[in-house]
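Participant: Handing you this structure, nothing more for now.
The values are calculated or read from the model by the stated rules, or taken from the named source; none is laboratory data. Here the structure is a predicted model, which means the values were calculated and not measured. All Cβ positions, even for glycine, are placed from backbone atoms using ideal geometry, and neighbour counts span all protein chains on display. These accessible areas exclude ligands, DNA and RNA; they are computed on the full protein's heavy atoms, side chains included. Shrake-Rupley method; radii C 1.70, N 1.55, O 1.52, S 1.80 Å.
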Amino acid sequence: MNMNLSLYKRSEGIKIRKISDNIYIIKGESVFEINYTGIVILKYIGKDVTVYELAKKIFDEYKSGMESNIAEDIFLFLNILLEKNIIEKVWLF
């Protein structure tokens, strides 16, 4: 399945902060530390780009891993973001 990230949006009240070399997502009183790749994924939430296109962009930047593994990691990360209510699905009618 090649999902388009335009099907998602950031939830209300999400803040991203960089403190020293660490990056955090803040939602209410919850704080989650993420890495640079997580920020790249969040940057593309709501954009007209597919998971596999984003996986290729990340692969091209790092030149490591396999694109299919990167795509799987993106799907897993999206599910975590959904579970934590950091992103939500956009319902198109």
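Participant: Once you list every other residue whose beta carbon is under 12 Å from the beta carbon of LEU81, what net charge do they have if Lys and Arg are +1 and Asp and Glu are -1?
Facilitator: Spelling it out: positives minus negatives among the neighbours equals +3.
Participant: Let me ask you something else. Based on DSSP loop calls and a cut-off of at most 15 other Cβ atoms within 10 Å, the longest stretch of the chain free of exposed trypsin sites (Lys or Arg not before Pro) is what?
Facilitator: 1-46
Participant: Next question, about the same structure. Taking just the alpha-carbon atoms of the chain, what radius of gyration and Dmax come out, in angstrom?
Facilitator: Cα only, the chain: 13.3, 43 Å (Rg, Dmax).
Participant: Let me ask something else. Which of LEU7, TYR62, VAL51 sits closest to the plus end of the dipole of the chain, meaning its Cα is farthest towards the positive end, when Lys and Arg get +1 and Asp and Glu get -1 on the C-beta?
Facilitator: Value: LEU7.
Participant: Still on this structure, please answer the following. When all protein chains stay in place, what accessible area (Å², nearest 10, 1.4 Å probe) is found for TYR62?
Facilitator: Approximately 100 Å² of TYR62 is accessible to the 1.4 Å probe.
Participant: Right, next: Per residue, how much accessible area does the range 1-70 show when a 1.4 Å probe rolls over the protein heavy atoms, in square angstrom?
Facilitator: 66
Participant: A further question follows. Where a Cα-Cα gap under 28 Å defines reach, which lysines qualify for LYS56, not counting those fewer than 8 residues away within the same chain?
Facilitator: LYS9, LYS15, LYS18, LYS43, LYS47, LYS84, LYS89
Participant: Return the single residue from GLY46, GLY38, GLY28 with maximal mean-square fluctuation; model: Gaussian network over the chain, springs between Cα atoms under 10 Å.
Facilitator: GLY28
Participant: For the chain, modelled as a GNM with alpha-carbon contacts under 10 angstrom, which of SER20, SER11, SER30 fluctuates the most?
Facilitator: Top of the fluctuation ranking is SER20.
Participant: Now for a separate question. Using a 1.4 Å probe over the heavy atoms of the protein chains, calculate the carbon and sulfur portion of the accessible area of the chain as a whole percent.
Facilitator: 52
Participant: Charges only on Cβ, +1 for Lys and Arg, -1 for Asp and Glu: so what's the dipole of the chain about the Cα centre, in debye to the nearest 20?
Facilitator: Computed about the Cα centre, the dipole is about 320 debye.
Participant: Still on this model: Mind checking which of GLU33, GLU72, GLU61 has the largest fluctuation in a GNM of the chain, springs on alpha carbons under 10 Å?
Facilitator: GLU61
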